[in-house]
1. Among DSSP beta bridges lying fully in the chain, give the percent that are antiparallel, nearest 5.
2. Rounding to the nearest 20 debye, state how big the charge dipole of the chain is about its Cα centre with +1 on each Lys and Arg Cβ and -1 on each Asp and Glu Cβ.
3. Projecting each Cα onto the charge dipole of the range 25-95 (Lys/Arg +1, Asp/Glu -1 at the beta carbon, about the Cα centre), which of 70, 92, 32 comes out farthest on the positive side?
4. Take the alpha carbon atoms of the range 716-770, find their radius of gyration, then divide it by 2.2 N^0.38 Å using N residues; give the quotient.
5. Express the accessible area of the range 393-456 per residue in Å², computed with a 1.4 Å probe while the remaining protein chains stay in the model.
6. Cα convex hull of the range 131-197: mean projected area in nm², to one decimal?
7. Cα convex hull of the range 207-254: mean projected area in nm², to one decimal?
8. In degrees from 0 to 90, rounded to the nearest 10, what is the angle of the helix 597-608 Cα long axis to the longest principal axis of the chain?
Amino acid sequence: MPLAAGGGDTRRPYFETLFVTGAPTASFPQIAQELRRLRRAEDPMIYEPVLVGSFEDAMMGIIMNGKVEAVVIYDGIPVPSQHDIPLLRDFLAVHHQLDTSSLAPRDVGVTLARLIKRVRPELDIYLLTDREVEKLAGDPAASMIRRVFYEVEELTEVHLNILEGVGDRLSSPHFDNLKKYAARPIATFHALPIARGKSIMKSNWIRDMGEFYGQNLFLAESSSTAGGLDSMLEPTGNIKVAQEKFARAVGADHVFFVTNGTSTSNKMVYQAVTAPGDIVIADRNCHKSHHYGMVLSGAQPLYVEAFPMTEYSMYGAVPLRTIKQALLNLKAEGRLGRVKMVTLTNCTFDGHVYNTRRVMEECLAIKPDLIFLWDEAWFGFARWSPFLRPRTGLGAAAALEEWRASPAALAAWKAQAAELGEELDPKDGRLLDRRLVPDPRKIRIRVYETDSVHKSMSALRQGSIVAVRDEDYSHHISAFREAVFIHASTSPNAQIIASLDVARRQMELEGYELVMRSTEIALAIRRAVAEHPIISKYFRVLGADAMIPAEFRASGFRDFLTPGSNWLTAVKAMQEDEFFLDPTRMTLVCGSAGYDGTSFKNLLAAKYNVQLNKTSRNSVLLQSNINNTRSDVALLIKVLLEVSQQIEAELAEGGESARAAFAARVKSLMEDVPDLPNFSRFHDGYREDPGSVTLEGDMRGAFFAAYEEDDCEYLPLMSPKIDERLKSGPELVSANFVIPYPPGFPIMVPGQVIASDTIDFMRKLDVKEIHGYNNTRGLKLIKLSAIPRAQSGGKSMPARDKAKEPDSERRSASTAQSKGKSGAKR
Ligand SMILES: Cc1ncc(COP(=O)(O)O)c(C=O)c1O
């Protein structure tokens, strides 16, 4: 039990403070006792000192003990631990390029502080020294130290600072204010009758709602922004401070609270930073909010394809080579200047994590002012994992900034320039195969990250943030303000805002421990499924080797459970590999148990009270998060065992015929899988240069063309007319987005020419939910007569073949059609 004193109103939060001291170990109990004497009755929190005697033990302390919130380092501590800890030494050497044996005594304290911040940036660090404190306090290299004290003099001050530092993280300005507001006797003469809850609590008919949710929910409701409450649309008070604290917590310059999910956060970014005609390089498989964001802003998507995982009917992530190729093609065709943004999903629904830093570095080498939108809807928690943080958009932005300032950066770029030239030649085939270095003097670090706080932290549903680390943000301030006005409700929910504030508070105080636990739980599930003699006959959780092709795992990492794997091999993979698998996202194959994903998900929900994430044809996705406990793991394993035993019993009872039927079903689920269709192309009428190699198009023009019902036609999916038109034209042009669930990506977007592989895929899909497909009338198509400058017959050469034509021919053929903007109907 934590040592928190008292209960109820007098409960004081408890934490631990690590004291790193060179004093003899035998004196630790006495020092701890002296430190405890600093406690005062009026202290708002209580902490226990934990003493360690070396640099290495201090690192172990902050890695292993999630209760540590502050670290006090006495200058001049020894480096080596007396324990045998080879893994830690390797970790420091590999992960932090630090050879502890070569540390100069004067550097030990500051180096320790720097390393602690890399592992747990939220911790407050204090340094006690008998050196010239003034000099140290003014040294930028020691900026991560919260305060420097002249040793012995100031123990009470250290104590008060520890409490103040943790108190700063503990305070949640908006939520704290809302609690105070709820306690005030206030009469409301504005809309929102539920505010104060009188109409509910006094009602004969709906009082149960008040009893169920509790009175505070209504006491804390108001539509007012006056009297101490703040406005989310124009924050100047406690919401502003809450957003600033969130920005600090995630390493951003600005954070915007959003109360309608990351669906809205993404659209806000498109609205704020892109304009009609800009090109955005986007994963075609990304969340629909990106596609809709481009419809709204008029930016033209240049879709890039993720690697397919056909056997599981899902996509992986987009290879960097593909993104570089797209940029180089645009450069070759003279349109690089129009590319505004690259947007990628990190991690993907199924857990593929990008090498964010490498992606940004290499793209910036081709276009130094690119903006990156990292959709981290699922990945907000990663900030609190030292392993995953470098692979977040913001974590990579920080590393990139550090790299840019180092002399090594310019040296690396100069070495590259000597070989490849200062200006990269887009036709130079070497560019795709080597790691490109950007010019550190030219690049702008422009990162936007969107997080569904509600998906991985303790926020109410729809709580989301846009986090900004864009050094040219000043160009977009007013556009961002407009984006907030366009997309945010004028009645934002105060409870969602409060929960964002509290979610940040929790993560800054216990996020490290909670995320570590959710990772442990994921590994426990993976291990239990793999090792159980009966469960493993029918189910398996896919490892990194099954989720990520070997070509993207340069480190040779295979999986968390592979013999010989430990956290060092995982760290190496995280540093080197193009893609890394988020261990907390587990694809459980159920096709081998004869279940398709949807039936299995429904079975578990209806019969066993176990809810899962998404499904594919033959798998379901399990996700562990900060809410899970080992008991949840036990329940899941028990259920999987019960299902497996049921299968065994049915196979034993049913004899040969049951076994043959089971095998046929498994084969159908696991082998007869439809090929995943790639994006084909936009119709020539929606392209400014139909002859260009890159396939961006005016999706917005096509989207609005579909508003005119007279300009559209419908064809049922199974109609032979579809096959005729696929064979001999005229082309089928989609009028809207068609998004089957699962897998959940748009197999058609407005203006897209429908190819036969897309029709085959749709026909084979056995899902009931297909957004954008009209079950009674069929596929909605834009009539060719309604498409701007469409060529009659419409049977133009597929763009992929056009790419093979000699450049000169292609250009002259296309210029005639390419003048002016496409998409007359907007
Ligand atoms: C990658 C991705 N981005 C954005 C969203 C939208 O997030 P929200 O549900 O918070 O609106 C989702 C939702 O599933 C998603 O998977």
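1. In the chain, approximately 50 percent of DSSP beta bridges are antiparallel ones.
2. Once rounded to the nearest 20, the dipole reads 1720 debye.
3. So the residue furthest toward the plus end is 32.
4. Details: Rg = 11.1 Å, N = 55, 2.2 N^0.38 = 10.1 Å.
Expressed relative to 2.2 N^0.38 Å, the Cα Rg reads 1.10.
5. Per residue, the range 393-456 has 45 Å² of solvent-accessible surface.
6. Value for the range 131-197: 8.1 nm².
7. Answer in nm², one decimal: 4.8.
8. The answer is roughly 50 degrees.
The values are calculated or read from the model by the stated rules, or taken from the named source; none is laboratory data. Predicted, not measured: the structure shown is a model, and the values here were computed from it. As a convention, Cβ positions derive from the backbone with ideal geometry for all residues, glycine included, and neighbour counts pool all protein chains shown. Note: areas computed on protein heavy atoms with side chains; ligands, DNA, RNA excluded. Shrake-Rupley method; radii C 1.70, N 1.55, O 1.52, S 1.80 Å.
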